[in-house]
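Only one structure is covered here, and it is reproduced in the block below.
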Amino acid sequence: MNKLENRMNELKRAGKKALIAFLTAGDPNLAVSAKLLNVLAENGADVIELGVPFSDPLADGPVLQASAVRALAAGITLDDVFLLAVRFCEKFATPLVLLAYYNTIYRRGVEQFCREAAEAGFSAIVVPDLPYEEAGRLDLATASTGLINIRFLAPTTRESRMERICKSSAGFIYCVTVTGVTGQRSSLDPGMQTLLAKARKYTDLPLALGFGISTPEQAATAAAAADAVIVGSALVAQIENVKDPAEKCVVAGTFISSLKRAIEGGTQEFA
Amino acid sequence: MKDSGRFGIFGGRYVPETLIQALDELEGAYLAARVDEAFQHAYNEVLLNYVGRPTLLYRAERLSAKLGGATILLKREDLNHTGAHKINNALGQALLAKRMGKKRLVAETGAGQHGVAAATAAALFGMECVVYMGEQDMGRQALNVFRIRMLGAEVVPVCSGSATLKDAANEAIRAWVTNCRDTFYLLGSAVGPHPYPTLVRDLQSVIGKEARAQSLQLLGRLPDILIACVGGGSNAIGLFHPFLADETVRMIGVEPAGKGLETQEHAATLTMGTPGILHGTLSYLLQDEYGQISPVHSVSAGLDYPGVGPEHSYLKSIGRAEYATITDEEALAAFALLTRTEGIIPALESAHAVAHAVKIAPQYDSETVILVNLSGRGDKDVQAVAKLREVAAG
């Protein structure tokens, strides 16, 4: 079984919620990025989502756009992202999910991309601009390389499509909490409860909430409602203005452990 | 989906999940409107009595004589209300938005012609309108920024990336994702996710339908060669599409070679690019080996785009249309030539099409008819051209 599926199952059996932490690979450079990944794993991230920086990230808000710009300015390429994963997997068992816009995958060659991602140690791929209907080729390529193609549900997803998406999913389902792009919000959309309830009718897979979860309090609320919480922009926002790499790692570690505590505590408060 | 939204392998829908519902709604509304007499009547009415269609098919005798070759006809889209072909599409989409009960429009713009057209449609139908425009383009097309604001629309400057059309489209799509329940994305070219390339092509096909009928009336036959500039490619596809079944008619799309194809500073997507995904569609792209979108350049803001409509990629792949290139310098020379010989100031975009006609016309005799789509007027460019001349004069 896939490393990501194993981890999600273990957590489920233990009655725990998963914390999925996102970072753009290579922001601000390869060396610091490698250290930050270690820090996330050491401070309670159950799964790490690593983004390939892309020049035109149309699903991302200002924080992750700026993050991609920094990584690209540092000259980070897809090959560097694979290398980061290889190094990380030598030391940690934390499952890695690769986030890439579809042009990155298409340009490398869908099949070759999946082979290389699997070899580098990734367990799954998430593609923010590839809806279910266009995913046929990537589904075949991920299946034949032991990867999972993580699918999205949004507050606007019709129930008839939701059923098809849920039934063809594996690993977890990425539930978008808001109609919008990634980035922090002052409050969570109450519509997320409706989305989760509908999705639950069609699947037993873990449901992960992402987009806009910014604070430990929001993480706790999200964890109480779902099986996993994805935090990206808020993490990047914590560290983007910290210049010193060692200090950056401390800030990232502190933030991740505060999210982890909130998620574990929050489960009980809302039960 | 009733229509796969594919042109060969090109096209499709590569967008975040959040937008699928909005695209399905748009497709459903468009398919219904396409066969609805009341909608077609309202659209034709506004083209006739507001835009001022049909536009003229003008025989450019002095230009033809000066070049000493083929007979050149100009399809005068510059005579449309607001000065370019963009209004055909903007009014059609705004009518569709109205039919769908949407009261707010978002649009991207490069040269500002689509921004003006969208703002005009919003004023005419009493809608709210937000136009995203790259900061660099706001500088070189300042006149259109004023026009858009005077029409009551909001202009949002976009500073990300190259601060041009591509980045404005990214921002417009992000704004649409955020407000997709009540906002209509009024896309300005035949690009983007399905159904936009088909929708925009159909709305712009009025150009080719008129040109075809006018040629038959004026000459008793079809033209031999069609020429149109290609950025996203909406004026070109609008001209070409009604002629696709006419096998004797050659079609040439003209891309901006900027400072030269041997430099990195051009936007000749079909000529120099490779297939990839940008703004929701699979089409030719200017990109690097890792799929990062390349910075592009053209003297004309409306052609300064690293992608192209998927139907053009398809027409190139099957060899039905050809794609040529014209440099900034050649376009500026054609801008001056048409102005002096015919008293018509073309948009810098359209000057690329004129320049290609100038280049090939001497190879033919006057029996050969070249029909050039003069997609817009050049008033918006006068200031920028004057500035370029000052620089050239030192």
Task: Residue selected from the range A:149-177 under the condition farther than 14 Å from residue A:208 by Cα and open to solvent by less than 10 Å² (accessible area, probe 1.4 Å), by the criterion farthest from the other protein chains (Cβ to nearest Cβ) - done: A:162
Open item on the list: Quick check on residue B:25: is it more than 22 Å from the chain's Cα centre (by Cα), buried (at least 24 other Cβ atoms within 10 Å of the Cβ) and within 14 Å of another protein chain (Cβ to nearest Cβ)?
Closed with: no
Open item on the list: When the residues of the range A:83-107 are narrowed to those that are open to solvent by 50 Å² or more (accessible area, probe 1.4 Å) and more than 9 Å from chain B (Cβ to nearest Cβ), which ends up farthest from residue A:8 (Cα to Cα)?
Closed with: A:83
Task: Number of positions in the range B:157-186 that are within 17 Å of the chain's Cα centre (by Cα), open to solvent by less than 10 Å² (accessible area, probe 1.4 Å) and more than 10 Å from every other protein chain (Cβ to nearest Cβ) - done: 4
- [ ] Test residue A:186 against the criterion of being surrounded by fewer than 18 Cβ atoms within 10 Å (Cβ to Cβ) and touching a residue at least 60 places away in the same chain (Cβ under 8 Å), and give yes or no.
- [x] no
Open item on the list: If residue B:45 satisfies all but one of (1) within 14 Å of chain A (Cβ to nearest Cβ); (2) among the acidic types (Asp, Glu); (3) open to solvent by 60 Å² or more (accessible area, probe 1.4 Å); (4) without any contact (Cβ under 8 Å) to a residue 24 or more places away in the chain, what's the number of the condition it fails?
Closed with: (1)
TODO: Please verify whether the range B:322-329 includes one or more residues that are modelled with pLDDT of 95 or more and closer than 25 Å to residue A:65 by Cβ.
DONE: no
Task: Top-ranked residue in the range A:152-178 [being of a type in the set (A, V, I, L, M) and more than 12 Å from residue A:131 (Cα to Cα); ranked as modelled with the lowest pLDDT] - done: A:178
TODO: For the range B:307-325, state whether one or more residues are among the aromatic types (Phe, Trp, Tyr) and either within 14 Å of chain A (Cβ to nearest Cβ) or crowded, with 24+ Cβ neighbours inside 10 Å (or both).
DONE: no
Task: Enumeration of residues in the range A:135-148 that are open to solvent by 30 Å² or more (accessible area, probe 1.4 Å) and under 22 Å from residue A:163 (Cβ atoms) - done: A:136, A:139, A:140, A:143
Task: Options A:56, A:80; residue that is outside any helix (DSSP H, G or I), more than 18 Å from the chain's Cα centre (by Cα) and either within 13 Å of another protein chain (Cβ to nearest Cβ) or not hydroxyl-bearing (Ser, Thr, Tyr) (or both) - done: A:56
TODO: Would you mind telling me which numbered condition in (1) outside any helix (DSSP H, G or I); (2) more than 14 Å from chain A (Cβ to nearest Cβ); (3) touching a strand residue (DSSP E or B) at 6+ places or on another chain (Cβ under 8 Å) residue B:106 fails?
DONE: (2)
- [ ] Please go through the range A:22-53 and pick out each residue that is among the β-branched types (Val, Ile, Thr) and assigned to a helix (DSSP H, G or I).
- [x] A:32, A:39
- [ ] Tell me which residues, restricted to the range B:1-22, are in a helix (DSSP H, G or I) and open to solvent by 40 Å² or more (accessible area, probe 1.4 Å).
- [x] B:21
TODO: From B:97, B:172, B:123, grab the single residue that is in contact with a Cys (Cβ under 9 Å, 6 or more places away or on another chain) and in a helix (DSSP H, G or I).
DONE: B:123
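The values are calculated or read from the model by the stated rules, or taken from the named source; none is laboratory data. Every value quoted in this text rests on a predicted model; they were computed, and no experiment measured them. Methodologically, a virtual Cβ is constructed for each residue, glycine included, from the backbone with ideal geometry; neighbour enumeration extends over all protein chains shown. Ligands, DNA and RNA are stripped out before the accessible areas are found, and what is left, the full protein with its side chains, is counted by its heavy atoms. Shrake-Rupley method; radii C 1.70, N 1.55, O 1.52, S 1.80 Å.
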